[in-house]
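Shown next, in structure tokens, is the structure this report addresses.
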Amino acid sequence: MCYAPSSTGVPVRILLLLTTITLLQSGCNPAACRTDAECFKGEICDDVLRECKTGCRSDDDCNSDEICNVTDQCEVGCRTNTDCPEQQFCSSLGECKDGCRTDADCDGDRSCQTSTGQCL
């Protein structure tokens with residue numbers, strides 16, 4: 001594996017733009033990693049190959065509008081209402097849809113059916 005000669009263990013991948021020719025000439029693999037932290041957002045360190053690859057282990061590894069699915073890939077979706085924009089709720093299918101979240105979102109004496117996002 002190729003790591004920058006520093007006490008912090010900064011991977012050469014971060015320095016890639018400045019050292020691409022040197023790395024290629026030396027046969028060094030700039031995508032080599034030991035932990036997920038050494039990879040870019042939206043990537044994880046493959047436990048077997050020890051290379052950064054597209055994927056996720058948790059929702060925190062994905063962009064703000066995405067969740068980590070069962071195949072370790074980021075996809076647009078939600079787990080709770082807070083994952084959705086205002087005026088939308090998180091459906092049972094993991095999709096943000098227009099509708100209410102609480103009774104306060106409904107007019108008058110109507111109440112919010114949180115499973116469907118409808119005011120009744």
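The values are calculated or read from the model by the stated rules, or taken from the named source; none is laboratory data. The structure displayed is predicted, hence computed values, not measured ones. Glycine also receives a Cβ, built like all others from the backbone with ideal geometry; neighbour counts cover every protein chain displayed. Note: accessible area is taken over every heavy atom of the protein model, side chains too, but ligands, DNA and RNA are not part of it. Shrake-Rupley method; radii C 1.70, N 1.55, O 1.52, S 1.80 Å.
Pairs are defined by a Cβ separation below 9 Å, a sequence spacing of at least 6 or placement on different chains, a first member in region 49-73 that is closer than 15 Å to Cys39 by Cα and basic (Lys, Arg), and a second member that is at pLDDT below 90 and open to solvent by 80 Å² or more (accessible area, probe 1.4 Å); the pairs so defined are Arg50/Met1.
Taking region 87-114 only, how many residues are under 18 Å from Asn63 (Cα atoms) and assigned to a loop (DSSP other than H, G, I, E, B)?
The qualifying residues number 2.
Residues in region 66-86 that are touching a Gly at 6+ places or on another chain (Cβ under 7 Å), open to solvent by less than 50 Å² (accessible area, probe 1.4 Å) and part of a loop (DSSP other than H, G, I, E, B): Gly77, Cys78.
For every residue, the table says whether it meets (1) in a strand (DSSP E or B); (2) under 27 Å from Cys96 (Cβ atoms); (3) at pLDDT below 90; (4) open to solvent by less than 100 Å² (accessible area, probe 1.4 Å).
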{"site": "Met1", "(1), (2), (3), (4)": "no, no, yes, no"}
{"site": "Pro5", "(1), (2), (3), (4)": "no, no, yes, no"}
{"site": "Leu15", "(1), (2), (3), (4)": "no, no, yes, yes"}
{"site": "Pro30", "(1), (2), (3), (4)": "no, no, yes, yes"}
{"site": "Arg34", "(1), (2), (3), (4)": "no, no, no, no"}
{"site": "Val48", "(1), (2), (3), (4)": "no, no, no, no"}
{"site": "Ser64", "(1), (2), (3), (4)": "no, yes, yes, no"}
